[in-house]
Every structure is written in C-alpha cells, then in structure tokens.
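For reference, the structure is listed below as structure tokens.
The values are calculated or read from the model by the stated rules, or taken from the named source; none is laboratory data. All values derive from a computational prediction rather than experimental measurement. Every residue, glycine among them, receives a Cβ derived from its backbone with ideal geometry; neighbour counts consider all protein chains shown.
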Amino acid sequence: MDFDPRDVDSRDNDGYGLDRECGHRGDSNHDRDWDDWMQPAGRDRDGGAREPGRGPGESRQTDSDRYGYDTRDETRGPEREREGRERDSREAFRRDVRLPRGAAREIVRHRDREYTLRGSESRTLATVGAFRVVSSRDLRDSRHRELDPRSGDLRHLREQGLVETVRVPGTREHAVVLTKEGRRLLEHHRNRERDGHQTFYDGLRRERELEHDIHVYRAYEHEADRLRDEHARIERVILDYQLKSEYQRWLHERDRDRDNYDGHPDRTTEEIRDWAYEHDLPYFDDEVHFPDLRIEYELDGRLDHVDVEVITQHYRGAHAASVARSGFKGFRGSSARVGGAPFDPDYAEELWH
C-alpha cells in the first residue's frame, strides 16, 4: 500500500460507532455457553475449590490441554491436522502474553478488576490485537467453532468489555476489535524480556477501509500455511501503519529544532532512499511504498520476512501498477457485500504479469 500522509492521524486509536449486538441468556442454542460464563471461577464443576488463576486438575494436564484443545482429537486424522495448523498460526501472537491457555476459564486480574478467560479467548484477544481488526468468521473457539458475536467466547469477551464488534457495511460480517481495556490487559500480562515483541492495537482506524482490512488477517493465514510447510517459525506481524508511523517519526525527527520549518521534512531524496533500503521497502516515483502486512519469521536459524498486499476489486490504474511494481506478494480479497459483484480473479492475475 503506497504511503499517504493522511494515514498518519493522531486519532489512530479512536473507535467508530461500534455496535453491541450481543445475544441474551434466553437464546435457545446458547445455554451451555451461558452456563460456562456463569460458572464461578473459584470453583470447579464438581464444587471443589480452585486457586485463582489455575484450572481444575492442572497438575495432570498435558501440553495439549494447556493450549486449549482436546487430546481426543488425536483420532481425527486430516481434520485434526488442519485445525492444529490453524491454531498454530495464532499462537505466535500470544506467545509472549501470560494469559490462560487451558480449556477452563481462569481468573485474570488487571488493576482493580477481575476477568475470566479460557485459552481460546486469550488467543482471540492476542490475534485481534495483532491485526487491529479481524472478522468473527475467522476466529475460533476451543472446539474450533466459528465465533458468533451473540454467543460463546465472543459474547463473553464483549460482556467483560474487552472487545467490541462492528458490522462491515453492506455485508453480514462482523469485525472484531479490542477495546482500550482489552489492549491494556494484553500489555499488562506481556513478557517484556523479549525484543521485537508483537504490537497490539485497539479500536477501528479506517472505517471506510474496513472490508479491505479484514482481508489482511486472511492474507496472513494464507502465507502462514506456506511458511509452516517450509518449517518456518513465525515471530510477529507488522502492519502498514506501524511501518508508516516509524517512517514519519524518522522523516520529521529534525524538524522540531528548525526555526524556519515550512511543513516539509528536512530529509533529502538520497536519505529517504537509503531509509527505504535499510528497511527493505521499495522506493520509486519519489515515494516509499509500504505493504499491508509484513510477516517476520525464522527459518534455519535466519530471520527473514515476507511482505503482502491485499488486492481488491478497487485496484485500478496507477495504484494497481505501483502495487505490481513493488514486488509485494499479492492476496486476492474477494468482496463480501450483499448483492455485490464478486472479485474478478482474472484481473488480479493481470496485476502481477
């Protein structure tokens, strides 16, 4: 995605009209989810006391139990393998966050509040935070069921004030974002000993580009499958506005000391080109060009990255030409609009040839 100075906005973390279409206790097919929510966190299902922050029978748990999946899945063959791969693609985001990973909900404290989370809910918080916005259709609970804003994990997170949802205009999809409290919870429980940690975001940033932005996570999933086939370990993801923000800070870091500042940065073309080269970003047409998504990974002991651009039906003319020239990997993002025309894959192919 080409750099646009308008993308740098001091309102970056402000939300936009998020809806609260939450389900209710009376939903006929949600009784078990409601029972899970109402189960006191300090006791197990047999009524026995449980230490805060510890699931029942933790001393007997296997690694599989702690990561929130059922060891009985061992017999499920290809389906289990597929589900395991999808879970794994999200583990990178909560790797350095000390939150519950088991199937039972546990107490989590932050400031003067207590929350209850299970492993799949911790994973949802970290995944949504890493991408800022993710469709509920792309998130899964501990039984690998698609999340619904009205029930289960997503309703539980909403009722605790950790996430909010917004309907993607013209579609039946709901986008999920962290609240400020949701991001603060992740940050509070972060392991800060590791360099290059995953950045987390809250709130919507570009409501007009919401349909485009939910495809960024899908682009990640597509590339994550390929990287795992090559036995790569995903370290973190970097979004376009993180790269652009870093660029803007560098671009203007000398301006604050200039008495004659006229709105133009005190950087030469050569300096900008060198900055782009150091950050492995293309520079042409007098601009630095940024991908929608950068995936950093380790393979055979070497750190590397892949840059990805989401291609939609709106890519035309000079914008399409610059995307093709950038060298970014393209991901075809189809439209989910009700009654809208599907994205033409033949046109996407033209972008890269």
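Here is a check on your reading of the model: is A103 within 23 Å of the chain's Cα centre (by Cα), at pLDDT below 95 and over 25 Å from Y220 (Cα atoms)?
Values: within 23 Å of the chain's Cα centre (by Cα): yes; at pLDDT below 95: yes; over 25 Å from Y220 (Cα atoms): yes.
Yes, satisfied.
Looking at (1) over 12 Å from T124 (Cα atoms); (2) of a type in the set (A, V, I, L, M, F, W, C); (3) out of contact with any His (no Cβ under 9 Å at 6 or more places or on another chain), which is the only condition V166 fails?
All conditions are met except number (3).
Out of the residues in the range 238-258 meeting the condition of being outside any helix (DSSP H, G or I) and out of contact with any helix residue (DSSP H, G or I) (no Cβ under 8 Å at 6 or more places or on another chain), tell me which one is modelled with the highest pLDDT.
So the first thing to find is which residues in the range 238-258 are outside any helix (DSSP H, G or I), and the list is 238-239, 253-254, 258.
Still in the list and also out of contact with any helix residue (DSSP H, G or I) (no Cβ under 8 Å at 6 or more places or on another chain): 238, 253-254, 258.
Details: I238: 97, E253: 86, R254: 82, R258: 71.
Across the range 238-258, the extreme among qualifying residues is I238.
Check D229, D300, D280 and return the single one that is of a type outside the set (S, T, N, Q), exposed (fewer than 12 other Cβ atoms within 10 Å of the Cβ), under 30 Å from V176 (Cα atoms) and outside the structural domain of V133 (by TED's automatic domain parsing).
Only one candidate passes the filter, namely D229.
Just to check your reading of the model, which residue among Y261, Y241, Y277 is in contact with a strand residue (DSSP E or B) (Cβ under 8 Å, 6 or more places away or on another chain) and of a type in the set (S, T, Y)?
Values: Y261 fails: in contact with a strand residue (DSSP E or B) (Cβ under 8 Å, 6 or more places away or on another chain); Y241 fails: in contact with a strand residue (DSSP E or B) (Cβ under 8 Å, 6 or more places away or on another chain).
Residue meeting the stated conditions: Y277.
Would you check if there is a residue in the range 330-342 being crowded, with 18+ Cβ neighbours inside 10 Å, among the hydrophobic types (A, V, I, L, M, F, W, C), farther than 25 Å from T199 by Cα and at pLDDT below 65?
Yes, the conditions are met somewhere in the range 330-342.
Might you check whether a residue that is over 30 Å from R332 (Cα atoms) and either in a helix (DSSP H, G or I) or of a type in the set (D, E, K, R) (or both) occurs anywhere in the range 273-286? Talk me through it step by step, then tell me what you get.
Let us first name the residues in the range 273-286 that are over 30 Å from R332 (Cα atoms), namely 274.
Then drop every residue that is not either in a helix (DSSP H, G or I) or of a type in the set (D, E, K, R) (or both), which leaves 274.
Within the range 273-286, one or more residues are over 30 Å from R332 (Cα atoms) and either in a helix (DSSP H, G or I) or of a type in the set (D, E, K, R) (or both).
Test E235 against the criterion of being outside any helix (DSSP H, G or I), in the same structural domain as E298 (by TED's automatic domain parsing) and acidic (D, E), and give yes or no.
Values: outside any helix (DSSP H, G or I): yes; in the same structural domain as E298 (by TED's automatic domain parsing): yes; acidic (D, E): yes.
It is true that E235 is outside any helix (DSSP H, G or I), in the same structural domain as E298 (by TED's automatic domain parsing) and acidic (D, E).
Among the listed residues R205, R258, R184, R236, identify the single one that is out of contact with any Ser or Thr (no Cβ under 7 Å at 6 or more places or on another chain), of a type outside the set (D, E) and over 27 Å from S122 (Cα atoms).
Working: R205 fails: over 27 Å from S122 (Cα atoms); R184 fails: over 27 Å from S122 (Cα atoms); R236 fails: over 27 Å from S122 (Cα atoms).
Being out of contact with any Ser or Thr (no Cβ under 7 Å at 6 or more places or on another chain), of a type outside the set (D, E) and over 27 Å from S122 (Cα atoms) holds for just one of R205, R258, R184, R236, which is R258.
Are any residues in the range 117-159 touching a helix residue (DSSP H, G or I) at 6+ places or on another chain (Cβ under 9 Å), farther than 29 Å from E235 by Cβ and buried (at least 20 other Cβ atoms within 10 Å of the Cβ), and if so, which ones?
D148, P149, S151, G152, R155, H156
So which of L139, L185, L157 is closer than 25 Å to D225 by Cβ and modelled with pLDDT of 90 or more?
On the way: L185 fails: closer than 25 Å to D225 by Cβ; L157 fails: closer than 25 Å to D225 by Cβ.
None of the other options fit; the residue is L139.
Look through the range 176-224, keep the residues that are among the basic types (K, R) and outside any helix (DSSP H, G or I), and return whichever of them is surrounded by the most Cβ atoms within 10 Å (Cβ to Cβ).
Of the residues in the range 176-224, the ones among the basic types (K, R) are 180, 183-184, 190, 192, 194, 205-206, 208, 218.
Then drop every residue that is not outside any helix (DSSP H, G or I), which leaves 190, 192, 194, 205-206.
On the way: R190: 18, R192: 8, R194: 12, R205: 22, R206: 15.
Result: R205.
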